[in-house]
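Here's the structure we're looking at; comments come further down.
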Amino acid sequence: MIDHPEQFLRTLFDRAVEVADPMRSLKDFLPEKPKGRVIVIGAGKASARMAEAVEAAWGPCEGLVITRYGYGRPCRGIEIVEAAHPVPDQAGLDATARMLSLVEGPREGDFVLALISGGASALLVQPVPGVSLAEKQAVNQALLASGAPIDRMNTVRKHLSQVKGGQLAAATWPADLLALMISDVPGDDPAFIGSGPTVGDPSAPQDALAVIDRWQVDVPASVRQALAGASGVVGPDDPRLARTRNVIYAAPRQSLEAASSLARQHGCHVRLLGDALEGEAREVAEMQAKEALALQAAMKAGDPPILLLSGGELTVTRRGDGIGGPNAEFCLALALALDGASGIHALACDTDGVDGAAEVAGAVIGPQTLTTADKQGADPRLALHRNDAHSFFATLDAQVVTGPTLTNVNDFRAILVQAPVV
């Protein structure tokens, strides 16, 4: 038996985050520092920590990296700029323009190191002509509320940008470019990490329009007009990408495997449900609740605990006016589906420490969750209807708050199933 289940689950989550810390792992993927001019650029929630790791290995470097407010790190040469995420702001717009100026006119033999992690889509801001920052912000907000998968959202973002979809890499030609990436996307496709600023993409503006129509995303007329024309997105075979190398050095599976190993040391049988799960958070929660209950029904007293682990990126189609995120909504729907089942506890958190747009990583639940909610006057079904999971778990003091984790390998979900006590 695990005596303190919720504390145990938090320990597993902390281990998953620790393994993805750039200070632990990035140096193994760095070449020796080139002798010529070296420029370090980057964007994402982990990018400042990545820059810190680069300078720990190479010493002070020239460069500019854009990260989320509160995620900055001390660097000796690389400038760290903080900007808004998940909806871009003027700080991101200005910093992106400066980054493009920094890599303008590189020479053959120069070396550019790009540090890309989840969040880069919102932090690299350079809208196509005819689309203002305010309109880009409106599109981002509408996409986030639409329930569209992250790769589909990024298709739209690419074709409304002058920096995504390989365009940043093309701007560095003819320099050599190495992009080191932390994956936060299901399937670990580098083209969708931060909307692929260093990766060529075969999609067309019509594909972006199809996403807008399929998920009924409300966008300004200027956006449709922009997508009706040509796009600057760079194709995979573009010669300007010939000197670009993209390397994913950290991904969700590594973190899940680290948590799995730790759980086995505590006597758990681990079932990995996948590191690339997608879908509506509440629907995935119902499926995993059924699996947990079925496993427990087959257990005998004294059987070792079973841990269900999964990663990926779930979505929430916003229908209500509450404060929520996919991990908190998963936990809320899971608690309702489990209906107080004894011996089952769960945690769901985003490894970047931000679930949705809230400064909360996620939540933790157990057999007492619904009973505690009743005592506190919190209605779980109403909260789910309103997409108000964060408010619900705040009332129960069941939120997981980490602050900036300085990394981002997507969602971490763990369900601990223990045998019934006789």
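The values are calculated or read from the model by the stated rules, or taken from the named source; none is laboratory data. What you are looking at is a predicted structure, and each value in this text was computed from that prediction instead of being measured. Here the Cβ positions follow ideal geometry from the backbone for every residue, glycine too, while neighbour counts run over all protein chains shown. Surface areas here come from the heavy atoms of the whole protein model, side chains and all, with no ligands, DNA or RNA. Shrake-Rupley method; radii C 1.70, N 1.55, O 1.52, S 1.80 Å.
Things to note:
- Candidate set from segment 131-149 (those that are at pLDDT 95 or above and in a loop (DSSP other than H, G, I, E, B)); member that is surrounded by the fewest Cβ atoms within 10 Å (Cβ to Cβ): 132
- Within segment 233-256, considering residues that are more than 18 Å from the chain's Cα centre (by Cα) and assigned to a helix (DSSP H, G or I), the one farthest from residue 12 (Cα to Cα): 239
- Selected residue (criterion: nearest to residue 346 (Cα to Cα)) from residues of segment 243-287 that are open to solvent by 20 Å² or more (accessible area, probe 1.4 Å) and hydroxyl-bearing (Ser, Thr, Tyr): 261
- Residue selected from segment 173-186 under the condition touching a strand residue (DSSP E or B) at 6+ places or on another chain (Cβ under 9 Å), open to solvent by 10 Å² or more (accessible area, probe 1.4 Å) and at pLDDT 95 or above, by the criterion farthest from residue 110 (Cα to Cα): 173
- Looking across 230, 210, 170, one residue alone is on the phi < 0 side of the Ramachandran plot, modelled with pLDDT under 95 and either open to solvent by 40 Å² or more (accessible area, probe 1.4 Å) or not in a loop (DSSP other than H, G, I, E, B) (or both). It is 230.
- Search result, residues across segment 34-60 that are open to solvent by 30 Å² or more (accessible area, probe 1.4 Å), within 29 Å of residue 412 (Cα to Cα) and of a type in the set (A, V, I, L, M): 56
- Among (1) in contact with a Pro (Cβ under 9 Å, 6 or more places away or on another chain); (2) at positive phi; (3) not acidic (Asp, Glu), the one test that residue 44 misses: (1)
- Helices (runs of 4 or more DSSP H) (entirely within segment 1-108) containing at least 2 residues that are charged (D, E, K, R): 5-19, 47-58, 90-102
- Filter result (more than 19 Å from residue 191 (Cβ to Cβ) and open to solvent by 10 Å² or more (accessible area, probe 1.4 Å)) within segment 106-121: 106, 107, 108, 109, 110, 111
- Within segment 380-398, the set of residues being under 25 Å from residue 343 (Cβ atoms) and surrounded by fewer than 24 Cβ atoms within 10 Å (Cβ to Cβ) comprises 380, 381, 384, 395, 396, 397, 398.
- The set of residues in segment 240-282 being among the acidic types (Asp, Glu) and either in contact (Cβ under 8 Å) with a residue 40 or more places away in the chain or in contact with a Lys or Arg (Cβ under 7 Å, 6 or more places away or on another chain) (or both) consists of 275, 278, 280.
One line per residue, one yes/no per condition, for (1) open to solvent by 70 Å² or more (accessible area, probe 1.4 Å); (2) in contact (Cβ under 8 Å) with a residue 60 or more places away in the chain:
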residue	(1), (2)
3	yes, no
8	no, yes
11	no, yes
92	no, no
95	no, no
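- The set of residues in segment 20-33 that are over 22 Å from the mean Cα position of the chain (by Cα) and either small (Gly, Ala, Ser) or surrounded by 15 or more Cβ atoms within 10 Å (Cβ to Cβ) (or both) contains only 30.
- Filtering 240, 152 for residues that are modelled with pLDDT of 95 or more and open to solvent by 40 Å² or more (accessible area, probe 1.4 Å) leaves a single hit, 240.
- Test set (1) closer than 11 Å to residue 165 by Cβ; (2) within 25 Å of the chain's Cα centre (by Cα) - residue 209 fails condition number: (1)
- Residue in segment 359-379 that is over 22 Å from residue 2 (Cα atoms), in contact with a strand residue (DSSP E or B) (Cβ under 8 Å, 6 or more places away or on another chain), in contact (Cβ under 8 Å) with a residue 24 or more places away in the chain and of a type outside the set (S, T, N, Q) present: yes
- Test: residue 193 is open to solvent by less than 10 Å² (accessible area, probe 1.4 Å), within 30 Å of residue 27 (Cα to Cα), touching an Asp or Glu at 6+ places or on another chain (Cβ under 9 Å) and of a type in the set (A, V, I, L, M): yes
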